[in-house]
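Notes to accompany the following structure.
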Amino acid sequence: MNQFVDDIGEAVKAKNPGEIEFHQAVIEVAESIELVYEKYPHYRSYKIFERMVEPERVIMFRVPWMDDQGEIQINRGFRIEMNSAIGPYKGGLRFHPSVNLGILKFLAFEQVFKNSLTSLPIGGGKGGSDFDPKGKSDNEVMRFCQSFMSELFRHIGPDTDVPAGDIGVGGREIGFMFGQYKRLKNEFTGVLTGKGLNWGGSLIRPEATGYGAVYMAAEMLATRNETLEGKTCLVSGSGNVAQYTTEKLLELGAKIVTLSDSSGYIYDEKGIDREKLEFVMDLKNVRRGRIKEYVDKFPDAVYTPSDPSADFNPLWNHKAQCAFPSATQNEINGKDAQHLLDNGVYVVSEGANMPTTLDGVKLFLDAGILYAPGKAANAGGVAVSGLEMAQNSSRLPWTREEVDKRLQMIMKNIHKTCVDQAEHFGTPGNYVNGANIGGFIKVADAMIDQGLV
């Protein structure tokens, strides 16, 4: 590791003790930015990167609510407003027991580069709570969301900060939060994205992250004159991203053999077809069940429960050509990355945020496979959120075809940016450097233009 990366790493660790995911995200980007500093030293004198790793604002608050038994529950709410150099803060809200300051700071930091890559005028932010919507009734989720928004509404707005959904926050939660915002502010504005179609939402928004990750994989394969047709794909997760990744892969003629949730994963050698995907969507979105129920319905598949003591994830140890990690951060470690490579995987398109550890990323880059990091591959979600904001501003809905066409164009442009920047900075084919540098330069130039703020 070189001096700049060492210095940044030490400073970030000293200032943000215990925030492991945040340290990891910063170091991963810093390694690419060193190439920019060598070629264009003026960025170093403006201390741009040192300013970028410091959030513009961190909001933390208490969220008290009452469960169905009349018991008072207390959770913690957060919003990290990371960088607004190119537009209002934009990024999801995550409701999950693992949520803490370090995880949200890593997500907000990644979001700055991802949003910049979309070429839309949106800054980066992230928020959420350690509340777990799993196993809660609709009324409990509503009471929590209303209490959460009763504080958050002071800090957001269509020209300030526009949150969206993330893990644990789907259409139901967005609806409850939007209703409370409208009640408190007495105005109907595009303050949240991922809204229902009847009240300001955009077509293709639920599908966008998964579709985008597949479009990115298709773009990468096209550089080798290949397509996804006939390719065997490993997909992790079974939520929104995994579902629509699977849907788009089916459309393009690929074969999907895995899905998972926090309790374990299923391996279906015959492939997950449309009928099976419909079952998974009903299981997860309507009945809110667990993935192991898949094997009750389709007994040819094999279910493997997760083993917290294991140092690798067996989901990544199957023969395939493509992998779409779509569950959560750091789900592919060095051992998993090696298993993927040993099993013939040469395309990895990240639907989740930072699902691969630093040693896993290094293995992928050294092997020279087609590897798109989350900030490039999963930018489709926030891209269509940006398109939803545009529709809200003009008070006009667009057709499904129009939104999908714009999404494809945005993913094509992101791919081109990654390829061009990687080449320009002497690392052709390195999508990690391409994505980090492409995202950085636009934000850095805007920060220089706007002075020391």
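Readers should treat all values here as calculations from the given coordinates under stated rules, not as data from a laboratory. Bear in mind the structure is a predicted one, so any value in this text is a computation, not a measurement. Here the Cβ is made from the backbone with ideal geometry for all residues, glycine too, and neighbour counts use every protein chain on show.
Data table
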read-out: Listed residue (L117, V214, I204) projecting farthest to the positive dipole end of the chain, Cβ model; value: I204
read-out: Bins of 10 Å from zero: percent of alpha-carbon pairs in segment 3-188; value: 9, 35, 32, 16, 7, 1, 0
read-out: Beta bridge orientation in the chain: antiparallel %, DSSP, nearest 5; value: 55
read-out: Two-site FRET efficiency, R51 against D300, from Cβ-Cβ distance with R₀ of 56 Å, rounded to 0.05; value: 0.55
read-out: Links that overshoot a 27 Å alpha carbon limit, given the list K182/K405; K15/K114; K195/K297; K297/K335; K270/K412; K114/K182; value: K182/K405; K195/K297; K297/K335; K270/K412; K114/K182
read-out: Bridge type composition, segment 3-188 - antiparallel percent by DSSP, nearest 5; value: 70
read-out: Residues T118, T245 arranged by fewest to most Cβ contacts within 10 Å; value: T118, T245
read-out: Reachable lysines from K134, criterion Cα separation under 19 angstrom, eight or more residues apart if same chain; value: K284, K292
read-out: Segment S263-D366, length gained on full extension (0.36 nm per residue, minus Cα span); value: 33.9 nm
read-out: Mean separation of Cα contacts under 8 Å (6+ apart) over length of the chain, as relative contact order %; value: 15
read-out: Per residue, the convex hull volume that the Cα atoms of segment 294-453 enclose (Å³); value: 187
read-out: Simple spin-label estimate for A390 and N100 in nanometres, 7 Å along Cα-Cβ; value: 4.0
read-out: At 1.002 mPa s and 20 °C, Stokes D of segment 208-372 from Kirkwood alpha-carbon radius, µm² per second; value: 138
read-out: Taking only Cα atoms of the chain, radius of gyration then Dmax in Å; value: 20.9, 62
